[in-house]
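Worksheet for the structure shown next.
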Amino acid sequence: SRRRHTRFKCDWSSDVCSSDLTLIALGTNLLVAHPSVPARSVREFIALATSRPGKLNFGSSGNGATSHMAGEMLKVMAAIDMLHVPFKGAAPAIVALLGGEVDIAILDTPPLLPHIRSGKLRVLAAASEKRSRVLPQVPTFVESGLPGYHASSWHGLLAPAGTPRDIVNRLHAEVVNIVKLPEITERLNAQGVEPVADSPAEFTEFIKAEIARWARVAKLAKIKAE
């Protein structure tokens, strides 16, 4: 998920960073390839990358973005060597992918859909824990033989640290009611986004788990902050 980085120490266990309200929704990231890549599944791509160490590359929307970390996690879990090519946002990464400048990318569903449906990009897998509502025929990484792999984007609502509990509760209740409106749920689902609207405590635990998971990937991939 996209978050603005701030230069202060942050201890989620003591709520000094923010008051967590709710995880609004989970987005589905897709592993897509340029049609010139001779792979039609995750297994075939891993076999291809294994046979060409350091020769294939993956694009991302920038260093440290979900798309970057998702690619690094694929490298770590599949034990393959690929070159990371960062761009300034998802749009230029997609343009480069369409032009064959990069081989694959793992990006959010909405901007990829037109290119998948037109055949300009080939989708190999969904990086979510379950299949996408808009592309139900596409298997997940787990179904494709990579147990434990998921790299969903997420959208959550947080309030400033120290926000009074009664205000947190009121905001949480109002947001949950909005997310559960049929028209909102339908609109989110149409974009490949799964509504969640959990409790503040559940959202806090989710954030902690995300930090721990991606910190492990960063350590294994030897990624350092610049």
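The values are calculated or read from the model by the stated rules, or taken from the named source; none is laboratory data. Everything numeric in this text was worked out from a predicted model, so none of it was measured. Glycine also receives a Cβ, built like all others from the backbone with ideal geometry; neighbour counts cover every protein chain displayed. Accessible surface areas use protein heavy atoms only, side chains included; no ligands, DNA or RNA. Shrake-Rupley method; radii C 1.70, N 1.55, O 1.52, S 1.80 Å.
Per-structure values
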{"read-out": "Residues satisfying the stated conditions in region 135-162, i.e. in a strand (DSSP E or B) and of a type outside the set (Ser, Thr, Tyr)", "value": "TRP154, HIS155, GLY156, LEU157, LEU158, ALA159, PRO160"}
{"read-out": "Subset tally (residues that are under 18 Å from the mean Cα position of the chain (by Cα), open to solvent by 10 Å² or more (accessible area, probe 1.4 Å) and of a type outside the set (A, V, I, L, M)) for region 18-33", "value": "1"}
{"read-out": "Within region 172-226, tally of residues that are in a helix (DSSP H, G or I) and under 17 Å from the mean Cα position of the chain (by Cα)", "value": "16"}
{"read-out": "In region 180-226, the residues that are out of contact with any Lys or Arg (no Cβ under 7 Å at 6 or more places or on another chain), more than 25 Å from ARG170 (Cβ to Cβ) and small (Gly, Ala, Ser)", "value": "ALA190, ALA209, ALA212, ALA215, ALA218, ALA225"}
{"read-out": "Test set (1) touching a strand residue (DSSP E or B) at 6+ places or on another chain (Cβ under 6 Å); (2) open to solvent by less than 20 Å² (accessible area, probe 1.4 Å) - LEU146 fails condition number", "value": "(1)"}
{"read-out": "Candidates SER60, SER36 - the one that is buried (at least 19 other Cβ atoms within 10 Å of the Cβ), among the small types (Gly, Ala, Ser) and out of contact with any Lys or Arg (no Cβ under 9 Å at 6 or more places or on another chain)", "value": "SER60"}
{"read-out": "Subset of region 83-116 [open to solvent by 30 Å² or more (accessible area, probe 1.4 Å), closer than 19 Å to PRO35 by Cβ and in a strand (DSSP E or B)]", "value": "VAL85"}
{"read-out": "From the options PHE206, PHE141, residue that is at pLDDT 95 or above, open to solvent by less than 70 Å² (accessible area, probe 1.4 Å), of a type in the set (A, V, I, L, M, F, W, C) and under 28 Å from LEU74 (Cβ atoms)", "value": "PHE141"}
{"read-out": "Check on ARG165, of a type in the set (D, E, K, R) and either more than 18 Å from the chain's Cα centre (by Cα) or modelled with pLDDT of 95 or more (or both)", "value": "yes"}
{"read-out": "Residue selected from region 63-80 under the condition under 20 Å from GLU143 (Cβ atoms) and outside any helix (DSSP H, G or I), by the criterion most open to solvent (accessible area, probe 1.4 Å)", "value": "ALA79"}
